[in-house]
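Single-structure report; data block below.
The values are calculated or read from the model by the stated rules, or taken from the named source; none is laboratory data. Only a predicted model underlies this, so the values are computations on that prediction, with no experimental measurement involved. Cβ sites come from the backbone with ideal geometry, for glycine too, and all protein chains shown count toward neighbours. SASA here: full protein model, heavy atoms, side chains in, ligands and nucleic acids out. Shrake-Rupley method; radii C 1.70, N 1.55, O 1.52, S 1.80 Å.
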Protein chains: 2
Amino acid sequence: MPVPDAPSPGALPGSDPSGGPARPSHLDPAIAARLRRTSDGLLAAVVRQYGSTEVLMLAWMDDEALHRTLTTGRATYWSRSRGEYWVKGATSGHHQYVRAVALDCDGDALLVDVDQVGPACHTGRRTCFHNNLPVTGVSGERQARS
Amino acid sequence: MPVPDAPSPGALPGSDPSGGPARPSHLDPAIAARLRRTSDGLLAAVVRQYGSTEVLMLAWMDDEALHRTLTTGRATYWSRSRGEYWVKGATSGHHQYVRAVALDCDGDALLVDVDQVGPACHTGRRTCFHNNLPVTGVSGERQARS
């Protein structure tokens, strides 16, 4: 039985049952074999400003978007709404120059360290995470630690 | 076999066509109305060590997991593999005390700032993002900026 707060071995419900990418890709097969994709063939990509505390945005990559990101040094994503690849900054000028990419322990998420030019968010804000939600619960230990 | 994403204006392919949560929830309806969930009713939750550069992990929340996180101050997720809620640290002791939660601009991702007790990763490492992938491409501007 899996440890309750650990990822379980084996495929997730919602992960690609075929184990393959949704679209053709030139991604190194050794890397592709380590990916555990959503049912629509995607990985969550967390984008961070290199060397800072800033988490800029979350976007989605399929195998080919990851391949292009790794081999061009320009952050490239899959648009779920438009069904196409997009290079961040191609139209806005708000480029992301890739410094490092890491895959997580269970292969379904990426951490992409970038040098962000200008705002990351389409609203003009530096990051996309600008809507704070109210945390009303305070655990006993957290109170003790504050 | 996975169906490749089709371009679609308006609602995202993979987002919940009903606009509602996958499971019953006590989440504030004003917050629930702002969420744009995956087809399985989930949001991506990026978990960061409060006040540091560390991105610890990526997990998934449905409406009720978000409600419990906000109202208990303990990070609570939906396990896709087990189909149940889990409170981080409940069995491992590696608790996450919630300091802040932010929703992103398009309502499909959360940034959760926590005080992490011990390692976040089930492997015993501090973070889950410990598998570096090779970035072989270097853009001209990045070279100039280095």
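The A-B contact accounts for roughly 6200 square angstrom of buried accessible surface, both chains included, probe 1.4 angstrom.
Shortest first, B:Asn131 label-point distances to identical copies amount to 3.2 nm, with the label point at 7 Å from Cα along Cα→Cβ.
What the stretch B:29-130 shows is 31 Å² of accessible area per residue, with the surface traced by a 1.4 Å probe over protein heavy atoms. From the Cα gyration tensor of the stretch B:92-137, with a ≥ b ≥ c the square roots of its eigenvalues, which class applies: rounded if a/c is under 1.5, or else prolate if a/b is larger than b/c, or else oblate? Here the stretch B:92-137 falls in the oblate category.
Trypsin sites (Lys or Arg not before Pro) within the stretch B:44-110: which are DSSP loop residues with at most 16 other Cβ atoms inside 10 Å? The partial results should precede the final answer.
Working: sites: B:Arg48, B:Arg68, B:Arg74, B:Arg80, B:Arg82, B:Lys88, B:Arg99; in loops: B:Arg80, B:Arg82, B:Lys88.
For trypsin sites (Lys or Arg not before Pro) across the stretch B:44-110 that sit outside H, G, I, E and B with at most 16 neighbouring Cβ atoms in 10 Å, the list reads B:Arg82.
The simple spin-label model puts a point 7 Å past each Cα toward its Cβ; for B:His130 and B:Tyr50 those points are separated by 2.5 nm.
Roughly speaking, to the nearest percent, how much of the stretch A:37-123's 1.4 Å accessible area is carbon and sulfur?
49 percent
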